[in-house]
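Worksheet for the structure shown next.
The values are calculated or read from the model by the stated rules, or taken from the named source; none is laboratory data. Predicted model only: the values in this text are computed from it and were never measured. Here the Cβ positions follow ideal geometry from the backbone for every residue, glycine too, while neighbour counts run over all protein chains shown. What goes into the accessible areas is simple: the full protein's heavy atoms, side chains included, and nothing from ligands, DNA or RNA. Shrake-Rupley method; radii C 1.70, N 1.55, O 1.52, S 1.80 Å.
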Amino acid sequence: MAEKQRQRQAAAAVREQARLQREVERAQRASDRARAQAGRQEARDLAAAEKEAKRAHIDAQEARAEAMNAELKDLLAEIDGLLAATLEVDDYVDLNDLRQGYDHPAFTSKYEERIPAPEPIAAPPEPVFTPPEPLKGMSALFGKKKHAAEVQAARAEFDRTQASWREEVGHIPARQLAQLTAHQEAEQERKARLAADRERYERESREREAKVDEQNAELDELIAGLARGEASAVDLYVDIVLGNSVYPEGIHVGVEHEFDDSAKEIRLTMSIPQPAQLPTVREYKYVKAKDEIVGAHQTLKEQRERYTHFLSSVALRTLHEVWEADRDGKVQSISLVVGVDHIDPALGVETVTPLLAVAVPRDDFLKIDLSRATPMESLKYLKASVSKDPHGLKPVQELPGVKG
């Protein structure tokens, strides 16, 4: 029976072991299935994420191309509208508006606030003698001697405490005086530093006022010289006027001038950008296949027409700005040459090629209504010499001038 019992137990153990093994295998298969499913889900998620990232990149590139087109459109509109833009503003400069006033910053100093007085040193409370508790009951009969000794010891300790207190209190007046003295010295130092800051502020204010007075005196001298028609004053006034002439960003136009007071003529020499320095792209597009933003270029005809229009606009704009600003008629004629600084392709040296030259009496120019006129026709009316191919940097053959 014992052997049979042992065999049954062994068989049960084998069955249990087999059951456990099956459970392990079943769990392992479930785990493998779960991992496989998770892998497939992760792959789907990764693919979805990559697809979304690609879509977002395409959207960003298209938006970038759109922004570049908007910027290009604005720039081309500014270049094409150079003349119209100046007609919308009054180029006259009232020199009195340049007069400056005193603009002083508010005085500040970290020493403005008074140093708070310290809390006064107070005497500690005087000690009070507290005798031992009186004896009661049987202790009163048999402990008198001991109690008397305790009273005597307490009295001695109190005497020592009181003596120490008196000594401390005796030092308080000197400590209070030292405290007061230190505060007064700190206050004196603060006031001295505050006075130094104020003196420095007043000195700087005087320097600012002297500079403003000097600039205003120079302005008064300019106004008086301009009224007298002095060449240097007229030159400086024209410099201020043309300095207010705003061109599109990245488009630099240089100008030099000299006023001949005997002829009442101002001679202007202007330098404009080379043709390649103006935008040559008509539109930007995003090409998905190459993942690039590429520019579709203007035709050569468009570039030539735009550059010629730009040249004529700069010339007429400058003439207009000078004469609109010159309300008192100090300038009776303008001799203008517009050219380009570049490298001579034949010699490889820096050179200046004149593309437009015109000499204009004031009365002839004021007959033109620039808001309705065609720039090139206006230049023909003014007998201007204009390059037959400005875009190709072909120079003009004649440089006319007006004398008197």
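Brief remarks on what is shown
- Convex hull of alpha carbon positions in the chain: directionally averaged projected area 62.9 nm².
- Whole-angstrom Cα spans of segment 122-234 along principal axes, big to small: 128, 25, 12
- At 1.567 mPa s and 4 °C, Stokes diffusion of segment 26-97 via Kirkwood alpha-carbon radius, µm² per second: 71 µm²/s
- With protein chains left intact and a 1.4 Å probe, residues in segment 63-110 average 67 Å² of accessible area per residue.
- GNM top mover of Ala289, Ala85, Ala263 - the chain, alpha-carbon springs below 10 Å: Ala289
- Dipole magnitude of segment 299-369, debye to nearest 20 (Cβ charges: Lys/Arg +1, Asp/Glu -1, about Cα centre): 140 debye
- Cβ-based charge dipole, the chain, positive-most Cα from Leu370, Ala153, Ala227: Ala153
- For Arg208, neighbours were defined as the other residues whose beta-carbon sits under 14 Å from its Cβ, and their charges (Lys and Arg +1, Asp and Glu -1) total -3.
- Fully extending the segment from Met376 to Glu168 would add 64.5 nm, taking 0.36 nm per residue of separation and subtracting the current Cα-Cα distance.
- At a probe radius of 1.4 angstrom, the accessible area of segment 131-276 per residue rounds to 66 square angstrom.
- Note on the chain: antiparallel DSSP beta bridges, both residues inside, total approximately 80 percent of the bridges counted.
- Local electrostatic count, Leu300, Cβ distance below 14 Å [Lys/Arg +1, Asp/Glu -1]: +1
- Most fluctuating residue given options Thr86, Thr130, Thr318, as computed from a GNM of the chain linking Cα atoms under 10 Å: Thr130
- The peptide list 342-352, 58-68, 302-312, 378-388, put in order of mean Cβ contacts within 10 Å with the highest first, becomes 302-312, 378-388, 58-68, 342-352.
- For the chain, calculated [θ]222 nm from helices alone, where every DSSP H run of n ≥ 4 adds -39500 (n - 2.57): -20000 deg cm²/dmol
- Charge sum, other residues only, whose C-beta stays under 12 Å from Asp197's C-beta, Lys/Arg counted +1 and Asp/Glu -1: +3
- Mean separation of Cα pairs under 8 Å and 6 or more residues apart, divided by the residue count, gives the chain a relative contact order of 16 percent.
- The chain - percent of accessible surface contributed by carbon and sulfur, probe 1.4 Å: 53 percent
- Think of each Lys and Arg Cβ as +1 and each Asp and Glu Cβ as -1; about the Cα centre, that makes the dipole of the chain roughly 4360 debye.
- Only one residue of Val340, Gln298, Gln176 has its Cα farthest out toward the positive end of the dipole of the chain, where Lys and Arg carry +1 and Asp and Glu -1 on Cβ, and that residue is Gln176.
- Three-way shape call for segment 283-397 based on the alpha-carbon gyration tensor, with the a/c threshold at 1.5: prolate
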